[in-house]
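Please read the structure below before turning to the comments.
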Ligand SMILES: Cc1ncc(COP(=O)(O)O)c(C=O)c1O
């Protein structure tokens, strides 16, 4: 398949002390915190049994994060958990306070400003969580961000604007503003000297792993597809699922060809992080990140089997398959970044050589996370209804 690149991870198994922060205990703590929100419900794990039969694979499971807290994406899990930890500390508690108690007590504090950069979903999650706890938020977006995503962030309570910058420069802008204004930066990617907040955000994502463990009820996927922007979600889930499942399914990390920083880092295998350069021009806006998060790489170097980079066409096709699956399968509304994991799976299933390369056959059980719904409806319809995408 043209435009579909694979590199197997030569560093797999490299030990890292970070694994301890992403174990079953951490997953249980995140899940217990999120259960304290009135909006909480586990997101569905959908079985695409008829679609799997068409492709000749044992089964395909898709966890549908479009149902998360009414916010259409998984990202709020990280922001809410991180704010929960930071506000608990500010209230003098060494333990993470229950969400309801935290809400009550934080309302009595002078409001603090939380600032972040986002291509949409993370910023919406921070805006929502800050408002929930009676705090203020400021959100910066890269150039080209969808108007609907900006509007949703504002509606969730943040002051938000689209900057003329690319994603990684928008992060630097948020960092500079935090320093200048005395705001708390809550970024979902780490760099030297800034790791604790991103690690808390990553731990928040573990609620997905805890729910999956329950929903799988003893079944063990053979292949797990995790899409990566800065890699925080993929790394957290890869690490925790290994501990929760008690075995190591094949972990495949998926990126757009035009924002392939993990692919480059794995291919170089020289102990350095490698950024993707250029415009990062992809429909997978949530994955359009040029610089990998350092702790995410450390975890993925230890847990991932392969890194895949693919064209926008693969994500677009997955959006259409999920919108109109085979037989009696439940349809899944999956956005451009949301469908990326399934996109890689379907590309592999369409190609005999790739199936062999990944050891996928009639006995395989694949798991993907649809990390967002249609967060940019106009583009969703262009892709699913009109079969068009990108700048066509
Ligand atoms: C829908 C969606 N999926 C996946 C990701 C990737 O997450 P991460 O940046 O932690 O790799 C993002 C990031 O914003 C996203 O919005």
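No lab work stands behind these numbers, since they all come straight from the coordinates. The structure displayed is predicted, hence computed values, not measured ones. Every residue, glycine among them, receives a Cβ derived from its backbone with ideal geometry; neighbour counts consider all protein chains shown.
Name the shape class, rounded, prolate or oblate, that the alpha-carbon gyration tensor gives for the stretch 76-187, where a ≥ b ≥ c are the square roots of its eigenvalues, rounded holds for a/c under 1.5, and otherwise prolate holds if a/b is larger than b/c and oblate otherwise.
Values: a/c = 2.31, a/b = 1.76, b/c = 1.32.
Prolate, because a/c is 1.5 or more and a/b exceeds b/c.
Output the relative contact order of the chain, whole-number percent, from Cα pairs under 8 angstrom with separation of 6+ residues. Numbers along the way, then the final one.
Numbers: 866 pairs, mean separation 91.4, N = 392.
Computed value for the chain: 23 percent relative contact order.
Just to confirm the number: angle between the C-alpha axis of helix 121-132 and the first principal axis of the chain, 0 to 90 degrees, nearest 10?
30
Given 0.36 nm per residue, what is the gain on full extension from residue 12 to residue 320 after removing their alpha carbon distance, in nm?
Working: separation 308, 0.36 × 308 = 110.88 nm, distance 3.34 nm.
Computed gain between residue 12 and residue 320 is 107.5 nm.
Out of 312, 281, 270, any idea which swings most in a Gaussian network model of the chain, alpha carbons joined below 10 Å?
Result for the chain, Cα springs under 10 Å: 270 fluctuates most.
So what's Rg/Rh here for the chain, counting alpha carbon atoms and using the Kirkwood radius for Rh?
Details: Rg = 19.4 Å, Rh = 20.6 Å.
Taking Rg over the Kirkwood Rh, I get 0.94.
Can you give the log10 of the normalised intensity I(q)/I(0) at q = 0.19, 0.21 Å⁻¹, computed with Debye over equal Cα scatterers of the stretch 294-390?
-0.99, -1.12
How many nm separate the modelled label positions at residue 385 and residue 169, each set 7 Å beyond the Cα in the direction of the Cβ?
3.5
Report, in whole Å, the centroid distance computed from the Cα atoms of the stretch 38-84 and the stretch 275-298.
Spelled out, the Cα-based centre of one part sits 22 Å from the other.
Give the average over all directions of the projected area of the C-alpha convex hull of the stretch 236-284, one decimal, in nm². Could the numbers behind the result be given before it?
Values: hull surface 18.0 nm².
About 4.5 nm², averaged over all directions.
Given R₀ = 35 Å, what would the calculated FRET efficiency be for residue 196 paired with residue 2, taking r from the Cβ atoms and rounding to 0.05?
0.25
To the nearest 500 deg cm²/dmol, what mean residue ellipticity at 222 nm is calculated for the chain from DSSP H runs of n ≥ 4 alone, each contributing -39,500 (n - 2.57), summed and divided by the residues?
Details: 16 runs with 167 residues, N = 392.
The helix-only estimate for the chain comes to -12500 deg cm²/dmol at 222 nm.
For the stretch 253-268 and the stretch 7-29, what is the separation of their C-alpha centers, rounded to whole Å?
Centre-to-centre distance over Cα atoms comes out at 19 Å.
Got a sec? Which residues in the stretch 45-69 would a label at residue 362 touch, if it sits 7 Å along Cα→Cβ and we count backbone N under 15 Å?
Counting only backbone N, you get 52-59.
Run the Debye formula on the Cα coordinates of the stretch 169-267, all scatterers equal and no solvent, and tell me log10 I(q)/I(0) at q = 0.17 1/Å.
The Cα Debye sum returns log10 ratios of -0.86.
What is the spin-label model distance, in nm, from residue 32 to residue 93 if the labels are put 7 Å beyond Cα along the C-beta direction?
Label at residue 32, label at residue 93, 1.2 nm between them.
Kindly rank 110-122, 349-361, 246-258, 212-224 from highest to lowest mean number of other beta carbons found within 10 Å of each residue.
Values: 110-122: 23.6, 349-361: 14.9, 246-258: 21.6, 212-224: 16.6.
Answer by packing, highest mean first, reads 110-122, 246-258, 212-224, 349-361.
Report, in degrees rounded to the nearest 10, the 0 to 90 angle that the Cα long axis of helix 24-35 makes with the longest principal axis of the chain.
The answer is roughly 60 degrees.
If you count, for each residue, the other Cβ atoms within 10 Å and average over each peptide, how do 49-59, 198-208 line up from highest to lowest? Don't jump to the answer; show the numbers that get you there.
Numbers: 49-59: 17.4, 198-208: 27.0.
Taking the mean over residues of other Cβ atoms within 10 Å, the ranking is 198-208, 49-59.
Mind giving me the nanometre distance, one decimal, between the label points for residue 377 and residue 275, set 7 Å out from Cα along Cα→Cβ?
The answer from the label model is 3.7 nm.
Which of these, 298, 95, 196, has the largest mean-square fluctuation under a Gaussian network model of the chain (Cα springs below 10 Å)?
The residue that fluctuates most here is 95.
In nm, what is the difference between 0.36 nm times the number of residues separating residue 352 and residue 143 and their Cα-Cα distance?
On the way: separation 209, 0.36 × 209 = 75.24 nm, distance 3.95 nm.
Contour length minus the Cα-Cα distance gives 71.3 nm.
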